[in-house]
Amino acid sequence: MDNKRSTFTGKLGFVLAAAGSAVGLGNIWRFPYLAAQYGGGIFLLVYILLAVTFGFALMTAEIAIGRKTGLSAIGAFKVLNKKYTFIGYIASIVPMIILPYYCVIGGWVTKYLAAFISGSAQNAATDGYFGTFISSAGEPVIWFLIYAGLTAIAILLGVNKGVERVSKIMMPILVVLSLFIAIYSMFIPGAIKGVLYYITPDFSKFSVKTVLAAMGQLFYSMSLAMGIMITYGSYMKKDVNLESSVKQIELFDTGIAFLAGLMIIPAVFAFSGGDESALSAGPSLMFITLPKVFESMWGGTFIGILFFVLVLFAALTSSISLMETVVSIFCDKLNLNRKITCVFVLIGTILIGLLSCFGYSIWAEVKIIGMQMLDFFDFISNSVIMPIVAFLTAIFVGYVIKPKTLVEEVELSAAFKQKTLFTIVIKYIAPVCIVLILVSSVLSAFGIIKL
Ligand code: TRP
């Protein structure tokens, strides 16, 4: 099987494919609301520091594991050391948890696109529009079903490669458009306060929670700690420079997230005076804020349509890749037909995703450890399972197969410039920090300690 794997043609092909998986709702929807909620500049700073240390080391490790073994997560851990196959299994749970609620948010994006196309852009900019939408029992479900259906159809019809190709054209357009909207946002009267909030770290707002949120976001946004980058690495040619590919993917992913923050956070200050409740809107932040930006803009309806189309594509490439991952895990393990598996995965996605939908409407009262459903799934994957997988991966690389094994893999293509940083982060910094953060966050989620 190994030598039959098709490979990405060159470095650009690899970087684009991996960036295509990395860039999605995580950058545009999730990053801005976390940054707004966790103190702006301090969150940004912590995020960047984590990206160049943890993110760098973990992504390098995962891609190197994939390239070395030529296998996806479960197989890769098994080949390297049979006793540690379980890490691959735990990693595989993550896409299964993320996919359903990813499709729920994808549904929200689809809804906004439809609203803008049908001439309701102004309506969408009014206060309470999002709240009314999200708290109705039926509508979010319909958009969720449409979005999840689109994702499954792309896989069933095998047009996912086509979607990827289109998205490679869309991505540069998204970057340019985001830059334009970000610059526009910064100049709305009253926005400058938001720009400052976003880029100047206020150390009094620092807490363990900031680090936890930034770490979860890093994993989520860069598709780490869930086996995905191992799979991508398995398709990477031996002569492609692994280290510089990692740096480019990280730069690209962080750049888009930064721009998304710049589109949204200054606008929050401009339109709501930056009061606490506006900043901590959570998952709804982008949907509440951006229509107001578009409304205030000349030609805003058109810009809004363009924007939501581009975001929809960025989201679809991610959800297709998530669904494919889940489908292939079940196909490989249960030896099932791909199409049938895909239908089953779609049904499972719908059943679990409905929980997240209803968590905003008919089950709004239901709380699991103080969180509503979507936040709970988000918390379990990003703040619990992913840190566990990252921790296990660091221990596995640091003490079982030893960093040297992967350093050698990286050096097949070029000298490994940051090999010392890689080794120190994997062996010492990552395991210690992750345990501290994980334990304190779980204790605080259960109300045992207060952060
Ligand atoms: N990184 C993606 C984003 O930022 C989300 C994501 C998480 C993902 N895991 C993935 C995408 C696996 C594709 C495959 O939106």
Any idea which of F302, F307 is under 28 Å from K168 (Cβ atoms) and loosely packed, with under 15 Cβ neighbours inside 10 Å?
-> F302
What about V293, is it among the aliphatic types (A, V, I, L, M), at pLDDT 90 or above and in contact with a helix residue (DSSP H, G or I) (Cβ under 7 Å, 6 or more places away or on another chain)?
-> yes
Give the number of residues within segment 151-201 that are closer than 30 Å to L346 by Cβ and either out of contact with any Cys (no Cβ under 7 Å at 6 or more places or on another chain) or open to solvent by 50 Å² or more (accessible area, probe 1.4 Å) (or both).
-> 20
Pairs only if they're at least six apart or on different chains, beta carbon under 6 angstrom, first in segment 220-248 and more than 16 Å from the ligand (Cβ to nearest atom) and open to solvent by less than 10 Å² (accessible area, probe 1.4 Å), second at pLDDT below 95 and β-branched (V, I, T); list them, first residue then second.
-> S245/V15
Going through segment 131-147 one residue at a time, which ones are more than 20 Å from L310 (Cβ to Cβ), buried (at least 16 other Cβ atoms within 10 Å of the Cβ) and of a type outside the set (V, I, T)?
-> F133, E139, P140, F144, L145
Evaluate the following for M323: is it open to solvent by less than 30 Å² (accessible area, probe 1.4 Å), under 20 Å from the mean Cα position of the chain (by Cα), within 19 Å of A213 (Cβ to Cβ) and at pLDDT 90 or above?
-> no
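Just to be sure before I move on: is A260 small (G, A, S) and over 30 Å from L412 (Cα atoms) in the structure I sent?
Details: small (G, A, S): yes; over 30 Å from L412 (Cα atoms): yes.
Criteria met by A260.
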Mind checking whether some residue in segment 17-32 is at pLDDT below 90, among the hydroxyl-bearing types (S, T, Y) and either away from the ligand (no atom under 16 Å from the Cβ) or not in a loop (DSSP other than H, G, I, E, B) (or both)?
-> yes
Go over the candidates E409, E365 one by one and state the one that is over 30 Å from V141 (Cβ atoms) and among the acidic types (D, E).
-> E409
Checklist (1) over 30 Å from F133 (Cα atoms); (2) touching a Ser or Thr at 6+ places or on another chain (Cβ under 8 Å); (3) within 16 Å of the ligand (Cβ to nearest atom) applied to G55, failing item = (2)
Scanning segment 258-316 for residues that are outside any helix (DSSP H, G or I) and on the phi > 0 side of the Ramachandran plot gives G273, G274, G299
Of all residues in segment 202-219 being among the hydrophobic types (A, V, I, L, M, F, W, C) and either over 18 Å from the mean Cα position of the chain (by Cα) or open to solvent by less than 10 Å² (accessible area, probe 1.4 Å) (or both), the one that is farthest from the ligand (Cβ to nearest atom) = F203
Filtering segment 271-299 down to residues that are of a type in the set (F, W, Y) and buried (at least 16 other Cβ atoms within 10 Å of the Cβ), which residue is nearest to G107 (Cα to Cα)?
-> F287
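When you look at M323, is it within 30 Å of V176 (Cα to Cα) and either assigned to a helix (DSSP H, G or I) or in contact (Cβ under 8 Å) with a residue 40 or more places away in the chain (or both), yes or no?
Details: within 30 Å of V176 (Cα to Cα): yes; either assigned to a helix (DSSP H, G or I) or in contact (Cβ under 8 Å) with a residue 40 or more places away in the chain (or both): yes.
Criteria met by M323.
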Failed item, numbered, when T69 is tested on (1) closer than 16 Å to Y235 by Cβ; (2) open to solvent by less than 10 Å² (accessible area, probe 1.4 Å); (3) in contact with an Asp or Glu (Cβ under 9 Å, 6 or more places away or on another chain) | (2)
Members of segment 89-111 that are touching a residue at least 24 places away in the same chain (Cβ under 8 Å), more than 14 Å from the ligand (Cβ to nearest atom) and more than 23 Å from Y147 (Cβ to Cβ) | I90
Just a yes or no: is a residue in segment 115-136 touching a Lys or Arg at 6+ places or on another chain (Cβ under 9 Å), within 27 Å of L346 (Cα to Cα) and at pLDDT 95 or above?
-> yes
Listed by first then second residue, the pairs whose first member lies in segment 249-268 and is of a type in the set (S, T, Y), whose partner is open to solvent by 20 Å² or more (accessible area, probe 1.4 Å) and assigned to a helix (DSSP H, G or I), with beta carbons under 8 Å and at least 6 positions apart or on separate chains, are T254/I48
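Say whether the condition of being within 12 Å of the ligand (Cβ to nearest atom) and not aliphatic (A, V, I, L, M) is met by at least one residue in segment 74-88. Step through it out loud before you land on a result.
Step one: of segment 74-88, the residues within 12 Å of the ligand (Cβ to nearest atom) are none.
No, that holds for no residue.
Would you check if there is a residue in segment 385-407 being in a helix (DSSP H, G or I), charged (D, E, K, R), open to solvent by 50 Å² or more (accessible area, probe 1.4 Å) and under 19 Å from G233 (Cα atoms)? Don't jump to the end; show me each part of the working.
Step one: of segment 385-407, the residues in a helix (DSSP H, G or I) are 385-400, 403-407.
From what's left, charged (D, E, K, R): 404.
Checking the rest, the ones that are also open to solvent by 50 Å² or more (accessible area, probe 1.4 Å) come to 404.
Going one step further and asking which of them are under 19 Å from G233 (Cα atoms), we end up with 404.
Yes.
The values are calculated or read from the model by the stated rules, or taken from the named source; none is laboratory data. Everything numeric in this text was worked out from a predicted model, so none of it was measured. Using ideal geometry, Cβ is built from the backbone for each residue, glycine included, and neighbour counts are taken over all protein chains shown. Each accessible area value is taken on the protein alone, full model and side chains, heavy atoms only, with ligands, DNA and RNA left out. Shrake-Rupley method; radii C 1.70, N 1.55, O 1.52, S 1.80 Å.
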